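Undergrad: Dropping the structure in here first, questions after.
The values are calculated or read from the model by the stated rules, or taken from the named source; none is laboratory data. These figures come from a predicted structure and were not determined experimentally. Counting neighbours? That spans all protein chains shown, and the Cβs are built from the backbone with ideal geometry, glycine included.
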Amino acid sequence: MGDRIDVLVVDEDPDLLDLTGTFLERESDRIGVETERSAREAIDRIDEEGFDCVVSDLRMPEMDGVALFETVAEGHPDLPFFIFSAAADSDHAARAMAAGVNECVQKGAGTEHYRELVELIEDAVGA
């Protein structure tokens, strides 16, 4: 079994942050999740703490997920970055993918989207 994968999840909704963190850690015993409600604070934490991967909501008040990705990619071009959002329709996904995001995963009912996200994270990190 490989090393631990440190994931930063960014979403302004604290309930969704907790839920996402719980399910990601439940789906993989290798994933450890830290959370951040502010895109600007997330940037600082990525610079200071380092993470193996970032998972971000798309719609956030101060900076959307694509803008967050673009800012993070300036200093960390190889850091895997995923959009995980209920708002990730085909237009948003195309915009995110064109910007260089690894993948967009649609939130929804059930838990299969968490398994999909875990598999994408493990593949991107090389786990």
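Undergrad: Out of the strands (runs of 3 or more DSSP E) lying entirely within the range 14-127, which hold 1 or more residues that are crowded, with 16+ Cβ neighbours inside 10 Å and hydroxyl-bearing (Ser, Thr, Tyr)? Step through it out loud before you land on a result.
TA: Details: elements: 31-36, 53-56, 81-85, 103-106.
Fully inside the range 14-127 and qualifying: 31-36, 53-56, 81-85.
Undergrad: Restricting to the range 60-74, name every residue that is within 22 Å of ASP123 (Cα to Cα) and of a type in the set (Gly, Ala, Ser).
TA: Hits for the range 60-74 are GLY65, ALA73.
Undergrad: Output the number of residues of the range 1-13 satisfying the condition of being charged (D, E, K, R) and buried (at least 20 other Cβ atoms within 10 Å of the Cβ). Spell out the reasoning first.
TA: Start the filter on the range 1-13 by keeping residues that are charged (D, E, K, R), which leaves 3-4, 6, 11-13.
Checking which are buried (at least 20 other Cβ atoms within 10 Å of the Cβ) leaves us with 11.
Matching residues across the range 1-13 total 1.
Undergrad: Cβ-Cβ below 7 Å, separation at least six or inter-chain, first residue in the range 105-127 and farther than 21 Å from ASP91 by Cβ and at pLDDT below 85, second charged (D, E, K, R) and not in a helix (DSSP H, G or I): which pairs?
TA: ALA127/ARG30
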